[in-house]
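Worksheet: one structure, shown below.
The values are calculated or read from the model by the stated rules, or taken from the named source; none is laboratory data. Given the structure is predicted, the values throughout are model-derived calculations rather than measurements. So basically every Cβ, Gly included, is an ideal-geometry build from the backbone, and we count neighbours across all protein chains shown.
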Amino acid sequence: MKTYKKVLALALTCALGLSAAACSTGTNSGSADTAGSGRADASGAYLTADDLTIIETLENAVGGEHVITADGETLSYSDTAVIKSGDSAEGDEADFYGDNAAVFATNGATLDLSGILLQSCGTHANGVFSYGEGTAINIADSVIETSGDCSGGLMTTGGGTMNASNLTIHTTGRSSAAIRSDRGGGTVTVTGGSYSTDGTGSPVVYSTADITVNDAKMESTASQGVVVEGSNSVTLNNVNLTADNNTKNSDKSDYYQAVMIYQSMSGDASEGTASFTMKDGTLTNKNGDVFFVNNTMAEIALNNATIKNEGDGVFLRAAAAGWGTEGSNGGQVTLKASGQTIDGDMVVDEISKLNLYLADGSAFTGAINADGQAGDVYVEVTGGSTWTLTGDSYITNLTCDADSINLNGHTLYVNGKAYSEGTASTGEAIEITAASGGHNGDMAPEGEGGPDMNGEKPAGEPPARPDGEKPSGEPPAKPGSENTSGSSSSGSSSGN
């Protein structure tokens, strides 16, 4: 039987090897906690390594290989330490197809994991990776820590499925989201646990898939809390999210934000309507804006969530940035609030649009485009909801009851005319069209991308493609066979 002391020794070896194996930048934002360290809040402690009983240790230090592989088969592992070092020479192979992941499932496999202590310190060494339609990984009651750059905790691509419950995940490397997806997306469901990131360009969740998180704690100390790219979604149900976006991973945007919704045009996410939904729970923004939408259509639904903006930015910014085609790369937003309190201004630039629906007793306190008329904005205040202005505001159309608007000493301009407080109004929503957010066939140049895996790559890493472009559409099937499982200290890497 492998003792816990042995696991810690292996983890220390992995950590010491990082300086020689890390990305060529040689830097990671933040500091790594002790192996398997959990986070706690008022509701109690989260899972830590001390809570696990390890009876087997598997390890692999070969670049490009896996510790555990499930290829078209059903396997299960429990009470196992998984130690992965070694780098991937090909970023796309790792991000799209699972090269160098510690745990990898593909070709319709089903992999069940419980009581896993996973330590990964290689570059492009994702923790647990599900690739391809029909492939499913079910992981519970486990601790995952990654310290290398470009190394997420959970990774899903090519239509795979990931089901996770009661995990503690902590990443410290650059471009290393705790819950991550890439080209081809898939379905990810996470319930319970603690998920935290310390690296630049490492949101807690980076979605090019359909990702749902329930009853969990999430925290980012350098990046956005959540990023949704393209026609994909993130749903948070009763989640406690704290985001402190204070470092830049690219020069594409001047703003910091807790939640970013955008389209990078890299080909990693289909164009269409992105979705962010939050019901109950708490979102705390430490720096900049709460929401930023750029170069895409987006639907934001908020229902009884507590949103605290401790930064110096606005509640919502829909505006152009460095992604997409200049002049048509604004944000087009439909924001629906139900039983929701919103505090903070909203900014919609001249090439962006906003339809704001306040329903079911929602209360909005703030100004919209306080600096003057810019993009088209429709506001609908119904169902006992209210809007209290904190500054002059400029919108295009308005629907409200007579007692819905409290000017609070300011002026509300509706299509250039001052609104008279105490009057009802009927207007029409702004048309949201795909054409105004499109890219007219242009692809992103080399290095252009988003805050996580699409962001600026560490110096010295080869470009994704020789011409700097990534192909559009779903990922093709990976040619050839996958690497086999690495050697284990117990002499076997087969399932239990």
Among the residues of the range 352-366, the number that are aliphatic (A, V, I, L, M) and crowded, with 21+ Cβ neighbours inside 10 Å is 3
Which count do you get for residues in the range 223-270 that are in a loop (DSSP other than H, G, I, E, B), within 16 Å of the chain's Cα centre (by Cα) and of a type in the set (A, V, I, L, M)? 2
Among (1) outside any loop (DSSP other than H, G, I, E, B); (2) in contact with an Asp or Glu (Cβ under 6 Å, 6 or more places away or on another chain), the one test that residue 201 misses: (1)
Return yes when residue 214 is closer than 18 Å to residue 155 by Cα, surrounded by fewer than 24 Cβ atoms within 10 Å (Cβ to Cβ) and of a type outside the set (Gly, Ala, Ser) and no when it is not. yes
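For the range 362-383, state whether one or more residues are charged (D, E, K, R) and over 20 Å from residue 417 (Cβ atoms).
No, that holds for no residue.
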Could you list, in sequence order, the residues of the range 368-394 that are surrounded by 21 or more Cβ atoms within 10 Å (Cβ to Cβ) and under 15 Å from residue 315 (Cβ atoms)? 368, 369, 377, 379, 387, 389, 393
For residue 269: the one exception among (1) modelled with pLDDT of 90 or more; (2) of a type outside the set (Phe, Trp, Tyr); (3) buried (at least 22 other Cβ atoms within 10 Å of the Cβ): (1)
Selected residue [at pLDDT 95 or above and more than 14 Å from residue 256 (Cβ to Cβ)] from 326, 299, 310: 299
Hey, residue 431 farther than 19 Å from residue 335 by Cα and charged (D, E, K, R) or not: no
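Can you tell which of 108, 86, 91 is under 21 Å from residue 202 (Cα atoms) and either modelled with pLDDT of 95 or more or among the acidic types (Asp, Glu) (or both)?
So the residue among 108, 86, 91 that is under 21 Å from residue 202 (Cα atoms) and either modelled with pLDDT of 95 or more or among the acidic types (Asp, Glu) (or both) is 86.
Yes or no, residue by residue, for (1) crowded, with 24+ Cβ neighbours inside 10 Å; (2) charged (D, E, K, R); (3) in contact with a Gly (Cβ under 7 Å, 6 or more places away or on another chain):
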| site | (1), (2), (3) |
| --- | --- |
| 96 | no, no, no |
| 104 | yes, no, yes |
| 109 | no, no, yes |
| 112 | no, yes, no |
| 120 | yes, no, yes |
| 127 | yes, no, yes |
Single residue of the range 345-368 satisfying the filter (assigned to a strand (DSSP E or B) and of a type in the set (Ser, Thr, Tyr)) that is farthest from residue 311 (Cα to Cα): 357
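What number of residues within the range 279-295 are hydroxyl-bearing (Ser, Thr, Tyr) and under 16 Å from the mean Cα position of the chain (by Cα)?
So in the range 279-295, the residues hydroxyl-bearing (Ser, Thr, Tyr) come out as 282, 284.
Right, trim to under 16 Å from the mean Cα position of the chain (by Cα) and you get 284.
Qualifying residue count for the region: 1.
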The lone condition residue 336 fails out of (1) outside any loop (DSSP other than H, G, I, E, B); (2) over 19 Å from the mean Cα position of the chain (by Cα); (3) surrounded by 20 or more Cβ atoms within 10 Å (Cβ to Cβ) is (3)
What number of residues within the range 61-104 satisfy the criterion of being under 22 Å from residue 182 (Cα atoms) and among the hydrophobic types (A, V, I, L, M, F, W, C)? 10
